[in-house]
1. Any residue at all in the range B:267-276 that's within 14 Å of chain A (Cβ to nearest Cβ) and either assigned to a helix (DSSP H, G or I) or not polar (S, T, N, Q) (or both)?
2. Restricting to the range B:31-47, what's the tally of residues that are surrounded by fewer than 16 Cβ atoms within 10 Å (Cβ to Cβ) and among the small types (Gly, Ala, Ser)?
3. So which of A:529, A:513 is of a type in the set (Gly, Ala, Ser) and buried (at least 16 other Cβ atoms within 10 Å of the Cβ)?
4. Identify all residues within the range B:66-90 that are in a loop (DSSP other than H, G, I, E, B) and either surrounded by fewer than 13 Cβ atoms within 10 Å (Cβ to Cβ) or not assigned by TED's automatic domain parsing to the domain that holds residue B:54 (or both); write none if there are none.
5. Among (1) farther than 27 Å from residue A:163 by Cα; (2) without any contact (Cβ under 8 Å) to a residue 24 or more places away in the chain, there is one condition residue A:61 misses while meeting the rest; what is its number?
6. Could you tell me whether residue A:67 is away from chain B (no Cβ under 13 Å) and among the small types (Gly, Ala, Ser)?
7. Can you tell me how many residues in the range A:42-64 are within 14 Å of chain B (Cβ to nearest Cβ) and β-branched (Val, Ile, Thr)?
8. Any chance the range B:245-264 includes a residue that's buried (at least 19 other Cβ atoms within 10 Å of the Cβ), basic (Lys, Arg), outside any loop (DSSP other than H, G, I, E, B) and within 14 Å of chain A (Cβ to nearest Cβ)?
Amino acid sequence: MTKKLLSINDLSILLPTGADRQYAVQDIDLELNAGETVCVVGESGSGKSLTARAVMGLLPAPHVRVGKGEIIFGGEDLTKVTYERLRELRGSEISMIFQEPMTALNPVMTIGDQIDEIFRYHVSMSPRERAEKALSLLVDVNLPDPEKIIDAYPHELSGGQRQRSMIAMALALGPKILIADEPTTALDVTTQAQILELINDMQKRLDTGVLFITHDFGVVADIADRVIVMQHGKIVETGTTEQVLQSPKHPYTKSLIAAIPRLKPRKARSRAVEVVLKTEGVYKSFGGGKSLFGFGKPNREVKAVQNVQIELRRGETLGVVGESGSGKSTLARCVIRLIDSDEGQIKLGDIDITKLSRKELRPYRKRIQMVFQDPFASLNPRIRVGDIISQGPILQGEDKEDASKRAYELLDIVGLDRRSFDRFPHEFSGGQRQRIGIARALSLKPDILVADEPVSALDVSIQAQILELLDDIRERMDLSMLFITHDLRVAAQVCDYVAVMQYGKIVEMGPTAKLFKDPKDAYTKSLLAAVPGKDWHFGKLKP
Amino acid sequence: MTRSTKIFKYVCKRLLQGIPIILAIVIINFFLLNLAEGDAVDVLAGEAGSATPEYMAQLRKKFGLDQPLPVQLMVYLKNVLSLDLGYSFRHDMPVNELIFDRFAATGLLMTSTIILAVGFGILLGLLAAMRLNTWKDAVITVFALITYATPLFWVGLMMIVVFSLNLGWFPTSGMTNIAAFYEGWDYVVDVSRHLVLPTITLSLFYLALYTRMMRASMLEQYGQDYVVTARAKGLTERRITYVHVLRNALLPVVTMAGVQVGALIGGSVIVESVFAWPGLGMLAFESLFARDLNLLLGIFLLSSMLVVVVNLIVDIIYCFLDPRIEVN
């Protein structure tokens, strides 16, 4: 008989008056049993995070508050208990881990002190006992060299180590419930796999009920016992993982699952002969300079890109895959000469662009354009969309009217309303902004599009649309694409050829299908093994 | 390498780096001051009322003012490097002696001002942020706004009118009671009584600035993710405010305070004039009108050294407050 830990009944969370909807979360019911993992899935704005915070009493009061309903934990209604009682429960009975382990830890306090606080405010133990307990917690979460980490500050740890420390903190007093709010979203895929495994181990050991908030169906497939799908603050579907993933009932769930990129590589196409972009022995390192007047040690040198050889042929998409810090973005920036490489050749057709001066480079700039990751930061908020798109051609000497006409055409091509021309970027959603970014890149009629993680900031359904758009454009305009991504699912779907980068070097390169089926390099293998939900074939469902 | 040796090395390095900076400041100041019309001889002659051109030329020769500028600069630099700041013809005293005498008075005023402004600024800002949107917050904010907007000299004069003339609590001017010849403890009390009004006057503006900054900084830190984590850990609001938020919120205030020590010397000119405080500010003011360039250059040199040293101290405090900053 499983023990019921938490039940949320008919809960509604009010948004401040004047928001675009009255309720952040409306009439939801949810149950969590001991030893069970319930995943709450939804896209941004679905209210999944607020639901989690409501359980902890951590809603951003006074603007956002519980309107009605109850949250029953151990016979108490958490929406009614006193602040002091809630404080007692937090961290001891119910604890929480967050998405961004860098900002979720206090930057000016050591990990040891931050763990110590939990003991100080919940149980009475001598300082020595507390220190011993903290150390043993760090050992439990498999941190290397725990004696050192206990005195370390958050910035001295890697993302994965920080998240392990957060988990150590959350599990310090063996809570009955662990609420995890997208705990692996900011982490690399191999680290993500390790953290999920750690949460799973801890859960088994302590019989914890885990409420796991995520947007990633791959993660859901790997860890969930039951799934709750949320949209616009309402629960649209609940069921066991099997039920929801294999035979979703609600159209929204169906469309979400259909939008997940398949891990199955796309069909191979015949390669063109014409090479549009070729790099030979490209090196780039940062730092390593002498300090002022030659005092002190030279700065630490980071070799971001080492001896990279790639070849991009007309009409194909070459994926560069790697985890954070692998040098893939640096490579992209070198290729379009946003930064200068230290060594090697980057050939655009026959011309080596690394040696050209700024002025000589200008005519070649338009042949290679970039789409950036963050659709919010990469568009100037004070410039109208039409100008953003037509600025490039005007700078290249095109007539103003022609450029505007072309901008209108491009808006059609990327699927935006022509009226967007006179609006500002902030009036658009993330997906729409990314379309603007693509239109801007296309305005110069480039041969090559360099896309640096173009979909990683987007929700999965939007992501599918943008990927489709990019594919469509590549076909229509005979573009070649250099596609930088950390997501192997995305790579499988859009790339003809894939290069895997680690520590600035390309460890393996080959046609997508071959590389996914028969990876040679150990790192490629570990990347493929870490893809969440790899054993599920989401793609076969059609809405 | 341990942290303390690292810091020692860093201090040495920064002091060495300070030398070219200070030399550059000296050279720039030298040319700037010489851009102004007239020299000490013009002033002396003007005050004497009757000086023949021959006598003026003779004086210029005696002071070395007849030499071309680059030569004068070289001579001055050579003297500075041997720690001789020249001779003030106006005061008939070596600049070294004059400045160090006055420096103690200014140093005292500045130290008490900084402690008052930073200390109370942090306290008031903290209080306002903790009692956000209550009457306490409103009172503090309005107080900060008014003091921020009030000119220094007017505050000084009003202080004298209210506290010295009407209430008779504090002396109107000076640093000591000249007629009393106090010694020992009595002397300390006497100087402190003289110190109160100038300190308050000079610190009010900065107090307002730091209050507003501290309030904004606290509010910003309250919105950070780690505060949610701290709440989720079940800490008390007290602990969250005083341990987590406060220390992070202090960082920008400390930076700002360090930068403003230089500006404080400028502000002290007005306050020292109003209260006849015998410090560097007043000396600078007088020597400017007397075209006493040697003395002015000396004061500037000392102030620039002070700024370099204070910045270094702030950086070191900063690296203790914020472990993310590495000294190297």
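The values are calculated or read from the model by the stated rules, or taken from the named source; none is laboratory data. As the structure is a computational prediction, the values presented were derived from the model and not from experiment. We place every Cβ from the backbone using ideal geometry, glycine too, and count neighbours over all the protein chains shown.
1. Taking the range B:267-276 and keeping what is within 14 Å of chain A (Cβ to nearest Cβ), we get none.
The answer is no; no qualifying residue exists.
2. Residues in the range B:31-47 being surrounded by fewer than 16 Cβ atoms within 10 Å (Cβ to Cβ) and among the small types (Gly, Ala, Ser): 3 in total.
3. Details: A:529 fails: buried (at least 16 other Cβ atoms within 10 Å of the Cβ).
Of A:529, A:513, the one residue that is of a type in the set (Gly, Ala, Ser) and buried (at least 16 other Cβ atoms within 10 Å of the Cβ) is A:513.
4. Going residue by residue through the range B:66-90, those that are in a loop (DSSP other than H, G, I, E, B) are B:66-68, B:82-86, B:89-90.
The answer is B:68, B:82, B:83.
5. It is condition (1) that residue A:61 fails.
6. In short, yes.
7. 2
8. no
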